[in-house]
Every structure is written in C-alpha cells, then in structure tokens.
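**Q** The structure follows.
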Amino acid sequence: MTLVSLAARLFFSLLLAGGVAAASAQPAAAGHDRRGFLYEIRKGEQRALLMGTIHVGRADWFPLPAAQQARLDRATRIVLEADLGRADAVAAAISSYALYPAGSEGLAGALPPAVKTRVAQAIAAAGIDGASAWRMKPWLLASTLALREAEAAGYSTQAAVESQLLAQARGRPVDELEGVELQ
C-alpha cells in the first residue's frame, strides 16, 4: 500500500467517523428515514457525495430514501473502493493474493492441530466445501465465514450498497479509489 492510498484511507475514515458523530448528534425528524447516510463535500464549485457503505445489505434497505436517490441520480460518476463488478480483476486478485497454490498443504498445514480442528468444525458448520476452504488464506476464510453468518442473519452481497450503486451507474463512469489489487 502506498503512502498516498494509506493517507486517502485515513482521510476517508476520519471523514466518515466525523460524519457519523455529526449525524448521530442530530435528532431525527418525525417520519424521517434514517437508513444510511449521504454527505456532500464541497470545495469552491466542486461537489462530491460520500456515502457510507458496507459489503452486505438487506433487500428492504432499498429503494433508498427519495432525497438520497435523487442526489445520487444527479451524480456524473460513481467512485467505489473497488469495482467488484470487474469479475476478471477479482478472479485474478483472488488467485494471486487470497489462495494458497494448488497442490500445497494450504492453511491446514499452517495450523496447530487444535486450531485446525476448530477451523474444520467452523468450515463444516458454515457448509463450505472443505477442499476450497483449506486453499484460502486466513483472511479470506475468516471473511467467508463472516459472510456466511451475515447471510444466515438475512444479509447478502447482492443487496450491499456498493452493489446497488454499481447497478445504478447506468452508463456513468465508475472509478476506483484503490481497486481490487490494493484491496
């Protein structure tokens, strides 16, 4: 990760944290829909919208409140952390960074026996194919297990805010802050 991307992440994290604090300090008006948040950043005549997103969501979060949707509809471009709609880039990044090489011992060979037993139980309980799971690097397996828990609670990646924004881009340019490689 370059210093520039680290600084950008820190800036947006601080901006997001400050925005959440400001939003939570404002009382909700009667009947005001408080799903999500959308902030406008201005510098002179330049404007940008910043929307807090998470990687899973629920279908009942959409459509967005009319005021938010109208503002997003006027945007001339969409900028995401990473465009997960680029299946070729996602597959290449997963192959390069998230999986142990085929034929290696993978994660199973890196874990002490007691931990390996607990991980095997978690993989089985989540209904994940063992051969695939043991090829995953620890961070990908942890993310996959967390995603299964989220799915069990009614969340999905298809209803993630990023997925919805990407679907709504409708011909507008889609740029990435980091891209799949840096993620």
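**Q** So which of Pro63, Pro27 ends up being modelled with pLDDT of 60 or more, open to solvent by 60 Å² or more (accessible area, probe 1.4 Å) and assigned to a loop (DSSP other than H, G, I, E, B)?
**A** Exactly one residue qualifies, and that residue is Pro63.
**Q** Pick from the stretch 32-50 the residues that are loosely packed, with under 10 Cβ neighbours inside 10 Å and not in a strand (DSSP E or B): which of them is modelled with the highest pLDDT? Before the answer, list the steps.
**A** Step one: filter the stretch 32-50 for residues loosely packed, with under 10 Cβ neighbours inside 10 Å, giving 40, 42-46.
Retained after the next criterion (residues that are not in a strand (DSSP E or B)): 44-45.
Numbers: Gly44: 94, Glu45: 91.
Ranking the qualifying residues of the stretch 32-50, first place goes to Gly44.
**Q** Another one. Within the stretch 80-100, restricting attention to residues that are touching a Leu at 6+ places or on another chain (Cβ under 6 Å) and over 16 Å from Leu140 (Cα atoms), which residue is surrounded by the fewest Cβ atoms within 10 Å (Cβ to Cβ)?
**A** Gly85
Conditions (1) touching a strand residue (DSSP E or B) at 6+ places or on another chain (Cβ under 8 Å); (2) more than 30 Å from Gly52 (Cβ to Cβ); (3) not in a loop (DSSP other than H, G, I, E, B), marked per residue:
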position: Gln68; (1), (2), (3): yes, no, yes
position: Leu84; (1), (2), (3): no, no, no
position: Ala93; (1), (2), (3): no, no, yes
position: Leu107; (1), (2), (3): yes, yes, yes
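**Q** Of the residues that sit in the stretch 154-183 and are open to solvent by 60 Å² or more (accessible area, probe 1.4 Å) and part of a loop (DSSP other than H, G, I, E, B), which one is farthest from Glu81 (Cα to Cα)?
**A** Tyr155
The values are calculated or read from the model by the stated rules, or taken from the named source; none is laboratory data. What you see is a predicted model; the values in this text were computed from it and never measured. Neighbour counts are summed over all protein chains in view; Cβ atoms, including those assigned to glycine, are modelled from backbone coordinates with ideal geometry. Heads up: the accessible areas ignore ligands, DNA and RNA and are worked out on the full protein's heavy atoms, side chains in. Shrake-Rupley method; radii C 1.70, N 1.55, O 1.52, S 1.80 Å.
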